[in-house]
1. Look through the stretch 128-158, keep the residues that are assigned to a loop (DSSP other than H, G, I, E, B), modelled with pLDDT of 90 or more and touching a His at 6+ places or on another chain (Cβ under 9 Å), and return whichever of them is most open to solvent (accessible area, probe 1.4 Å).
2. Can you name the residue in the stretch 85-119 that is of a type in the set (Ser, Thr, Tyr) and assigned to a helix (DSSP H, G or I) and is also most open to solvent (accessible area, probe 1.4 Å) among such residues?
3. Would you be able to tell me the number of residues in the stretch 156-209 that are among the aromatic types (Phe, Trp, Tyr) and at positive phi?
4. Looking only at the stretch 134-160, which residues are hydrophobic (A, V, I, L, M, F, W, C) and in contact (Cβ under 8 Å) with a residue 40 or more places away in the chain?
5. Let me spell it out: the conditions are (1) open to solvent by 60 Å² or more (accessible area, probe 1.4 Å); (2) in a helix (DSSP H, G or I); (3) closer than 28 Å to residue 43 by Cβ, and residue 79 meets all of them except one. Which number is the exception?
6. Of all residues in the stretch 248-272, which are under 20 Å from residue 160 (Cβ atoms) and in contact with a Phe, Trp or Tyr (Cβ under 9 Å, 6 or more places away or on another chain)?
7. Mind listing just one residue for me: the one in the stretch 3-17 that is surrounded by fewer than 11 Cβ atoms within 10 Å (Cβ to Cβ) and on the phi < 0 side of the Ramachandran plot and, of those, nearest to the chain's Cα centre (by Cα)?
8. Quick check on this structure: which one of 26, 46, 92, 34 is in contact with a strand residue (DSSP E or B) (Cβ under 8 Å, 6 or more places away or on another chain), of a type in the set (Lys, Arg) and closer than 21 Å to residue 139 by Cα?
Amino acid sequence: MPDISIGRLRGGYCAIWRDDAGKRHRHQLKALNRKTAEAEAIDIFRRQAVQKEWSAIADLWTAYRDHLGSRPTAKTMSYTGKAILAHFGALRPDQITVQDCRRYVALRTKSGRKAGAIWTELGHLSSCLKWAAKLNLISRAPYIECPQKPAPKDRFLTHAEIDRLLSADCEPHIRLAILLMLATAGRVSAILDLTWDRVDLDAGRIDLRIDTEGPRKGRAVVPINASLKAALVSALEGALSDYVVEWNGSQVRSIRKGFARAVESADLEGVSPHVLRHTAGVHMAAGGIPL
């Protein structure tokens, strides 16, 4: 840190220092006495130094993912970041305009990306910049215009369709993931993150939470029904890792392709992993289970 001196400016105090290139900087302070002015001057210098360090969106994106740690959003941002950083990565936050956001939407739409996916991508960018502004890594977060979020899908599986899906030709870990989603109403990310230490077969419950403080959207502690218990007992006997849904002793990162094959084998249409979550909610509500 360079030498910072306190001077007088416009009837108040100011901080004065020279940067590495020898350029002189002077910043008006709010302090009313010299002691508080010295503390404020140090904070201002450090804030400006940090803002300079994290000037590009790509750097802020990486820092935000590091901040999120093991939360599911950090994993999702590894995918959404491919498109976001290709378009915005080299820009500074203050350079982003509404027109940049609209061009991004147009390009992603032209490439075949759906509105919901684009909404998520720009939403991650907005969250990243708001976090950076909150920590004073940037002076302010620019407005990120997102496309209108699509209405939620009403698709859910009937009991007959559920039977067809569970009887479909698919790998054992895909069937177990499907059964877990249907029985717990958990998101696919929560199911793939689930470890055996959070499955209590004796008490008949599963703790979908990674920790007691997160993630923000909330994961539940849910009961285990008879069909799921039988599948879990069988899976535990052959377990090769700490993860409930595993393949060849390793955590499964995605079931997208395997799930699609199971849906095709069951001769179903319009079924995504999220449809299983909606399906579970619909049938639980119909069965009188409290929200």
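The values are calculated or read from the model by the stated rules, or taken from the named source; none is laboratory data. Remember, it's a predicted structure, so these values are computed and weren't measured experimentally. Here the Cβ positions follow ideal geometry from the backbone for every residue, glycine too, while neighbour counts run over all protein chains shown. When the accessible area is computed, the model is the full protein with side chains, heavy atoms only, and any ligands, DNA or RNA have been set aside. Shrake-Rupley method; radii C 1.70, N 1.55, O 1.52, S 1.80 Å.
1. Among those residues, the one meeting the criterion is 156.
2. 109
3. 0
4. 137, 138, 141, 144, 146, 156, 157
5. (3)
6. 271, 272
7. So the residue we want is 3.
8. 26 is the lone residue from the list that is in contact with a strand residue (DSSP E or B) (Cβ under 8 Å, 6 or more places away or on another chain), of a type in the set (Lys, Arg) and closer than 21 Å to residue 139 by Cα.
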